[in-house]
Protein chains: 2
Amino acid sequence: MSDAAPGFLHLRAFPAVGQEFEPDADEAHYLSRVVRARPGERVTASDGRGAVATLEVLVSRPEVRLRVLARESVTRASVCTLLCGAPEGDRADWLIEKLGELGVAVFQPVHTARAEWERADARRERWQRLAVAALRQSRSAWLLEIREPVALSDWLAQSTPVPAEGERRLLASPAGARAPDAAAPTQGVIVGAVGPSPGFSEDELKRLQMHGFESIALAGNRLRTETAAMALATWWAAADTPAAPRRGAGPA
Amino acid sequence: MSDAAPGFLHLRAFPAVGQEFEPDADEAHYLSRVVRARPGERVTASDGRGAVATLEVLVSRPEVRLRVLARESVTRASVCTLLCGAPEGDRADWLIEKLGELGVAVFQPVHTARAEWERADARRERWQRLAVAALRQSRSAWLLEIREPVALSDWLAQSTPVPAEGERRLLASPAGARAPDAAAPTQGVIVGAVGPSPGFSEDELKRLQMHGFESIALAGNRLRTETAAMALATWWAAADTPAAPRRGAGPA
């Protein structure tokens, strides 16, 4: 099996405590063939929207049958959305996996003056699978939401002209303030913006600034689009780390 | 061409200012076919060991001929070495690319009780190419040094029993201090340790602690090996960001 801690599932929904049910085909396969859970074992599941349940495996083959033993709701103090220009090639694939592991809430691909997302439709199913795998792997109560690409100008036109109360907007830029000097927000809404591989245009940079995006420098070196997006998410996720560890154990 | 800013080469060596020379076949190909540099243009090159030169393209086809116009030496205030247990599958490939972009000095694969590096020999050439591409991409004066795998116990046996003056040792661990609360070192030597996909053994964790490795938590979620390694490098690289940007412009 993979390096996932055993038995963490993503279920679109699960019934009330005490109820029995059959998970959908994907998760049933994952449970019986990958995790190889056996009757009597307990597994954990999340619906990707903050609900986490402890389940008992009643039957594992040929069909899978589970019972809900307990459930809890997990809240997030801080919610991170990333607006991301198109990286080169298929580099978004691993970016989505990593954003999912780090706990980013929303991945919003943006078309920009210098680069469009050309294969987002074709990659959609794969991206969704990667997000679900990241949820299982990181034992997260939340599933990364992958939005349809929109033009950056449309996103800006539909957003508030300045950040709302409790919202911070950040632009990954080598000309920005050093990340360690900018206290990462530990609550509220964070919207990060990362340029496509050829960079944002001058006009786009001006408009982002006018909409309250503060520049933040994430490394001394020039970073690729997907590296900058991951570095921004890492900076946010580190601040979002609770003083006491949440659950599970792993490399980090 | 790629999203690299035009014309940054990796040359094993270059002659004194004023001298002409022909770069080796790989870089000549990169310059003439990828960057498509033309006679009269200027390009930048680094030797991967801190020397950076401005070069004039004299001839670009069929052979490539360059002249050194200026050279400078770049120093590093902070040097980061990463000891890394084996991740799943070929996930080290992109990790090496990202560590190179972020400016990590040394990648040291370590065999551990629960996981060995099985394909390091077979991947070596590919890893070296990825490190060179990362140097070009990030316009770095330094090339990531990729070491042969060693047993963690051997590495520890050969290291000083406690960190040397100016050295800090850090272990990626969900049980550690929150990364934002631990001031990232901006000078000296940083040695990071990241467990393999099944994690370090209890015995290994004890020995790392005895050798002065401090635990640091990089995210609230459980992270895969390569994600934790990249998060640790990102935390270090953010602190290593100069107050004023170095050179070039890009997504970050």
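Taken together, the values in this text are just the output of simple stated rules run on the coordinates, not laboratory data. Keep in mind it's a predicted model, so treat the numbers as computed, not measured. Here the Cβ positions follow ideal geometry from the backbone for every residue, glycine too, while neighbour counts run over all protein chains shown.
Here are the numbers for the structure shown:
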{"read-out": "Cβ neighbours within 10 Å from other chains - mean over A:225-236", "value": "6"}
{"read-out": "Estimated Rh, the stretch B:3-42: Kirkwood, alpha-carbon pairs, angstrom", "value": "11.1"}
{"read-out": "Equivalent ellipsoid semi-axes - Cα gyration tensor, the stretch B:173-215, angstrom", "value": "20, 13, 10"}
{"read-out": "Computed over chain B: relative contact order in percent, which uses C-alpha pairs under 8 Å that are six or more apart", "value": "20"}
{"read-out": "Binned Cα-Cα distance frequencies in the stretch A:193-245 - 10 Å width, integer %", "value": "21, 45, 25, 7, 1"}
{"read-out": "Within 10 Å of each Cβ in A:168-177, the average number of Cβ atoms from other chains", "value": "3"}
{"read-out": "Computed magnitude of the charge dipole of chain B (debye, nearest 20; Cβ of K, R +1, Cβ of D, E -1)", "value": "620"}
{"read-out": "Dipole moment magnitude, nearest 20 debye, the stretch A:107-236 about Cα centre, only Lys, Arg, Asp, Glu C-beta charged", "value": "520"}
{"read-out": "Per-pair calculated FRET efficiency, R0 = 35 Å: residue A:75 and residue A:154 via Cβ, rounded to 0.05", "value": "0.70"}
{"read-out": "Built amide H within the under 5 Å cut-off of residue B:214, gap 5+", "value": "B:169, B:170, B:171"}
{"read-out": "Alpha-carbon Rg with Dmax, taken over the stretch A:137-243, Å", "value": "14.1, 41"}
{"read-out": "Copies compared at residue B:126 - label distances in nm, ascending, label defined 7 Å from Cα in the Cβ direction", "value": "1.6"}
{"read-out": "The stretch A:41-182 - percent relative contact order, Cα under 8 Å, separation 6 or more", "value": "22"}
{"read-out": "Tail weight of P(r) past 18 Å, computed on alpha-carbon pairs of the stretch B:50-98, percent", "value": "62"}
{"read-out": "Taking the convex hull of Cα positions in the stretch B:113-192, its mean projected area over all directions (nm²)", "value": "7.7"}
{"read-out": "Computed lengthening from residue B:126 to residue B:164, 0.36 nm per intervening residue step minus Cα-Cα distance", "value": "10.3 nm"}
{"read-out": "Relative contact order %, the stretch A:63-110, counting alpha carbon pairs below 8 Å whose residues are six or more apart", "value": "49"}
{"read-out": "Ascending list, in nanometres, of distances separating the residue A:188 label from those of the other copies (7 Å, Cα toward Cβ)", "value": "3.4"}
{"read-out": "DSSP-defined beta bridges in the protein assembly as shown - what % are antiparallel, rounded to 5", "value": "35"}
{"read-out": "Point-charge dipole on Cβ atoms (K/R +1, D/E -1) for the protein assembly as shown, about Cα centre, debye to 20", "value": "140"}
{"read-out": "Ranked packing of B:30-38, A:203-211, B:222-230, A:133-141, most packed first, by mean Cβ within 10 Å", "value": "B:222-230, A:133-141, B:30-38, A:203-211"}
{"read-out": "The stretch B:1-79 pair-distance distribution - Cα-Cα, 10 Å bins, rounded %", "value": "20, 54, 22, 4, 0"}
{"read-out": "Helix runs (DSSP H) in chain B reaching 18 Å along axis by Cα, Kyte-Doolittle at least -0.5", "value": "B:225-239"}
{"read-out": "Three principal axis lengths of chain A [C-alpha, angstrom, descending]", "value": "60, 39, 33"}
{"read-out": "Solution diffusion estimate, µm²/s, Stokes-Einstein, the protein assembly as shown, Kirkwood Rh from C-alpha pairs, 20 °C, viscosity 1.002 mPa s", "value": "90"}
{"read-out": "Residues whose placed amide H lies under 5 Å from that of residue B:9, excluding near-sequence neighbours", "value": "B:44, B:45, B:46"}
{"read-out": "Copies compared at residue A:154 - label distances in nm, ascending, label defined 7 Å from Cα in the Cβ direction", "value": "5.7"}
{"read-out": "Karplus-derived 3J(HN,Hα), 6.51/-1.76/1.60, for each residue of the stretch B:41-51, Hz, glycine and proline x", "value": "6, 10, 10, 10, 9, 10, 8, x, 10, x, 9"}
{"read-out": "The stretch A:38-171: translational diffusion in µm²/s, Stokes-Einstein, Kirkwood Rh over Cα pairs, 20 °C, 1.002 mPa s", "value": "126"}
{"read-out": "For the stretch A:13-22, 3J(HN,Hα) per residue [Karplus equation, 6.51 cos²θ - 1.76 cosθ + 1.60, θ = phi - 60°, Hz, x = Gly/Pro]", "value": "7, 9, x, 6, 4, x, 7, 9, 6, 10"}
{"read-out": "Diffusion constant of the stretch B:93-148 at 37 °C, which comes from Stokes-Einstein with the Kirkwood Cα-pair radius and 0.692 mPa s, µm²/s", "value": "285"}
{"read-out": "Dipole of chain B, positive direction: furthest Cα of B:39, B:100, B:144, with charges on the beta-carbon", "value": "B:39"}
